Each structure stands twice: as structure tokens, then as C-alpha cells.
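Let me begin by presenting the structure, written as C-alpha cells, before commenting on it.
The values are calculated or read from the model by the stated rules, or taken from the named source; none is laboratory data. Predicted model, so just to flag it, every value in this text is computed and none were measured. Positions of Cβ are generated from backbone atoms using ideal geometry, with glycine treated the same way; all protein chains shown enter the neighbour counts. The accessibility values were calculated without ligands, DNA or RNA, using every heavy atom of the protein model including side chains. Shrake-Rupley method; radii C 1.70, N 1.55, O 1.52, S 1.80 Å.
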Amino acid sequence: MAAAGEALPGGLAAELRRFAERASEPAMLPDDGLATLQRATSLFREAAVRETATESLFQDLLQIFKKVSHEIEVTCQDASTLAHLDSRLQLVSECFRCLRNACAHCANNQNVMRSLGLIDASIHVIQLLQKLESDLESHLTAFRCSLQLLGNIATGNRDSQNSIWKLAFPSLFLNCLNHQDEKIIDYCSVVLFTCLNPERTRQLQEQNNLKMALRVFQTSRRCPELKWTTLIVTNHLLQCPELVKALYAKLSDPERTFLLELILSEMKESSVLIGEEMATFLAASFEEKSQSVLRLVSATNDEEALVAIRLLDVLCEVTSNPEELKHLQACPGLLEVAISLLKLVHLAGKQTTNIFTTTYSTEQEEISHPAVGFKSHLIRLIGNLCYRNKGNQDKVYEFNGIPLILDNCSIDDNNPFINQWAVYAIRNLTEENKRNQEFIARTEQQGPADNPVLESLELKIESRDQKLILKSVKRVPDP
């Protein structure tokens, strides 16, 4: 084995050895060792220095680390020594920094530290810091540095991750996530994110561990600037449908809305597929809560209604993906609920003037209301569910949904693009469906008084050889 001096130049390794030797003595460590540790911390920023570090060097650092942590423990128990607490905390912080830098992107040093017991020793100190009641800045600094060390020693190292998980799950993680200091929460989230895998994520759905998943989610909602908590939610929690279902049951309505917004964002921005189990669960949740939207006829804000609105948004996105559409096309009750709800909100908009009333203004004034676009999205969902699915096409006919969709082929400021979605739904309803084609052709010939049909969209329906054709009416430009 190489001599310790090869790792750190300028006799620094020898200084650390002498400091470590003093750590074996009963007397308290001198404060002048802090400068030695700081020099080592600085040198370990260099990859070349990290790569030449020896096991004996880490043995010296461990000896110093254990001595300082013991002195902190004694200080907490003996009021007469409290004056030394700040200096001890500064020393242990520098130990953490030095070790943190030494194992950054260096698997060999990670393995040596783990085999020497530095993970165990570090977690022991973290538990000590958690119990310590102090308003010293050095206390917070030590806590933060300890978690940074765990994050570095775990990165890319499965054995280290296993050791940390065994020692830290669940109490240490939960205690850190409940801390008031955002940096401690953030650094803890890095460690948790690094250690999680599918099997460990499934552990979180157990009743005793669900509070950790709940805490991560609530922190993500409360502090969106803490990116690691959001990454835990999106990259781990949302990948486990059973956990999402267990979590969803514990959430308040505003929290459910936030969760659905995260799912929607992942689907749109990252093309994430949520899978059959999750899609079916969200469809059932929408069926259960859908009619809460009717409260928005007289209210501008209802938390349960907002959840239903966001559920519909997610279902529209899910059914826009061919790989996931078939799961929901076969979902019992979803199409019927969508048609029934469209009837109810359309009728509510005709009975009184409210957010579901069709309005049109030449002034392009933006309308701010959570239910803006709701009818449009219902029609989009119906159209998606009928895509190349004759059974669902026939259900819409049987539930008298075709006239309802035709009645929404008009511009509506409360429902942007509703006419386009209505035409899209009509296309899907009539594709290779003779009965639906003939029904719409008859409706067009009869010309219902309250139905502008498709003229305003520059489209017309032609019947050719007993087939319905949606044809664009191209206007000839003025000469």
C-alpha cells in the first residue's frame, strides 16, 4: 500500500496523522486541527488527489471524526462544557466536508469509507445532530454537510445505497424531511432520490411508511424550488400505481389537484405513459367526482370540482395516446359519464347565464375561471373514446349524444376550440359507422333551429353512396 504522504502533498498527511493520534488521548482535541482539515478539504476538490488517497488516510480521518462526535455527545450531556460546542461542531462539519469531497465521483474512496464504517459513524452523528437543541449556525452547517456526504458516497454506488437505506430508513429520512431548514430537506431529498429503486418505492405504500411519501409530496407542493423532492415524486412515486392510489386517498383536494397537474406535465413535456392501472384508477376517480363540477354554476371556486376538472384534463391526454387509449375505451362507465355530464352542463348553461353558457364576443377578452374549456374537453374525451371503436360509437348514438355534440359546433368564448373538437368527435363517430352517418345526414337536412351545425366552420356534410363525408367548403378569394 502507498504511503499516506502520496495522497496529500506538503506534509499534510503527516499533520492529519498527528491530529488523529491526539484523538486517541483523553484530552479534548485542539482547535488548531481545523486548519489542517480545511486544507485537506480544499485539496480533495481535485480528482487527482482523490484518486491517490489511501485507506490509512481515511482511517486517520475516521479516528478524528469519531473523537469529535464523542466530544459533541459529551458536551450535550455536560452543561459545563457547552462553551466548546460551537468549536466541536465546526470541526465535525469540516470532517464531513473533507470526506464529502474525497468520495465525490470516486468509487474506490466510497468503498473504502463504507468498509471502514464511515457510513455508520456518519448516521450516528446525524442522529445526534437531530436530537441536539441549538440555535448555533454551526449546528445547521454540520447537519447540512453530513447529508451532503451521504449523497456523495451513495451516488453511483449500489452497496453504499444499500447501507444507507438499511440505517436511515425510515426514521432518519422522515426526520430530515420534517426539518424547518430547506437546505436540510433538499440534501436529504438528494440522498433519498439516490437510494430509491422500484422495490424501495413499493415499500413506501405500506401504512407505516406512507407518511414519508406524503411528506415528500407535500414538500414538493409547498417548495417547488426544491427540485429533488419533485424528482422523487415524478421519477419514483408516480411510477408505482399502488403507491399513487394509497397516496391519493390521503391527500386533500388541493393536493390532489397538484398531483394531477404533475402527472399532466409529465405526460405533455416528457411523453410519459402512465399505464393501464393508473389510467383506470384516474378514470374511476373522475366517474365518482365528475358531477361536483355542476357546483361551479353558482360558485367560482370549489376544490372538489377543480379535482374533477384536472382529472378530465389528464384523461384527455391519456386517451390521445394510442398505446393507452384502448385501456380506457374498454373502461366501464367512462363514456356514459362523459355524455351524461356534457348533457348536464350544457343544460345548465341554457337555464341560466353561467360559465357553461355559450357566449361570443368580438372583443377578445380573456375569461378567468377554472371551468373554462370544460365542455370542450368533455367532447374531446368522447371523441377520443370513439376513435375506431364501433361499440363506443354506438353508445353515443344510444345515449342521444350526437345531437348534443352537434349543438356545440359553434364558437364559444367559455370553451376555446370547442367547434374543432366537436368536428373531431363527429369524424370519429361516423368513421365506418353507417347508422351514425345517416343520423347526422338527416339532422343536417332537417336543419334544427338551434343548431348552427358546421357552416360556421366552413365545413359541410355530403351523403355519397350512403356514406357521410365531411367536406371543406373552400371560399374563393376576392380578385
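Considering the stretch 330-342, the residues that are assigned to a helix (DSSP H, G or I) and open to solvent by 20 Å² or more (accessible area, probe 1.4 Å) include one that is nearest to LYS395 (Cα to Cα), namely GLU336.
Rundown of residues vs (1) over 33 Å from the mean Cα position of the chain (by Cα); (2) at pLDDT 90 or above; (3) open to solvent by less than 40 Å² (accessible area, probe 1.4 Å); (4) hydrophobic (A, V, I, L, M, F, W, C), yes/no style:
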{"position": "LEU328", "(1), (2), (3), (4)": "no, yes, yes, yes"}
{"position": "LEU344", "(1), (2), (3), (4)": "yes, yes, no, yes"}
{"position": "LEU347", "(1), (2), (3), (4)": "yes, yes, no, yes"}
{"position": "ASN354", "(1), (2), (3), (4)": "yes, yes, yes, no"}
{"position": "THR362", "(1), (2), (3), (4)": "yes, no, no, no"}
{"position": "ILE418", "(1), (2), (3), (4)": "no, yes, yes, yes"}
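Out of GLU242, GLU261, GLU266, one residue alone is without any contact (Cβ under 8 Å) to a residue 40 or more places away in the chain and either assigned to a helix (DSSP H, G or I) or touching a strand residue (DSSP E or B) at 6+ places or on another chain (Cβ under 9 Å) (or both). It is GLU266.
Of the numbered criteria (1) surrounded by fewer than 21 Cβ atoms within 10 Å (Cβ to Cβ); (2) under 20 Å from GLU336 (Cα atoms); (3) of a type in the set (S, T, N, Q), the one SER410 fails is (2). Cβ-Cβ distance below 7 Å, separation of 6 or more or different chains: which pairs start in the stretch 59-75 with a residue that is of a type in the set (Lys, Arg) and end on one that is part of a helix (DSSP H, G or I)? Note: pairs meeting the criteria are LYS66/ALA121; LYS67/ALA23.
Taking the conditions exactly as written (out of contact with any helix residue (DSSP H, G or I) (no Cβ under 6 Å at 6 or more places or on another chain) and either assigned by the TED database to the domain that holds PRO403 or touching a residue at least 40 places away in the same chain (Cβ under 8 Å) (or both)), does LEU335 satisfy them or not? Here the answer is no, as LEU335 does not meet what is asked.
For the stretch 227-239, the tally of residues that are in a helix (DSSP H, G or I) and either open to solvent by 20 Å² or more (accessible area, probe 1.4 Å) or in contact with a Cys (Cβ under 6 Å, 6 or more places away or on another chain) (or both) stands at 7.
Restricting VAL125, VAL92 to residues that are part of a helix (DSSP H, G or I), touching a residue at least 24 places away in the same chain (Cβ under 8 Å), buried (at least 20 other Cβ atoms within 10 Å of the Cβ) and more than 32 Å from the chain's Cα centre (by Cα) narrows the list to VAL92. When we screen ALA79, ALA107 for residues that are among the aliphatic types (A, V, I, L, M), open to solvent by 20 Å² or more (accessible area, probe 1.4 Å) and modelled with pLDDT of 95 or more, the only hit is ALA107. Count of the stretch 247-256 residues, restricted to those that are part of a helix (DSSP H, G or I) and either at pLDDT below 95 or open to solvent by 30 Å² or more (accessible area, probe 1.4 Å) (or both), is 5.
Filtered by the rule that a residue be modelled with pLDDT of 95 or more and hydroxyl-bearing (Ser, Thr, Tyr), the stretch 292-326 gives SER292, THR319.
Restricting the first member to the stretch 23-42 and to residues that are assigned by the TED database to the domain that holds ALA53 and more than 14 Å from ALA13 (Cβ to Cβ), and the second to residues that are of a type in the set (Ser, Thr, Tyr) and open to solvent by less than 60 Å² (accessible area, probe 1.4 Å), the beta-carbon pairs closer than 6 Å and six or more apart or on different chains are ASP31/SER87. Filtering the stretch 159-178 to residues that are polar (S, T, N, Q) and crowded, with 20+ Cβ neighbours inside 10 Å leaves SER160, GLN161, SER163. Filtering the stretch 380-394 to residues that are assigned to a helix (DSSP H, G or I) and of a type in the set (S, T, N, Q) leaves ASN384, ASN392, GLN393. Among the residues of the stretch 272-318, those that are hydrophobic (A, V, I, L, M, F, W, C), more than 20 Å from GLU255 (Cβ to Cβ), open to solvent by 30 Å² or more (accessible area, probe 1.4 Å) and outside any loop (DSSP other than H, G, I, E, B) comprise LEU294, VAL297.
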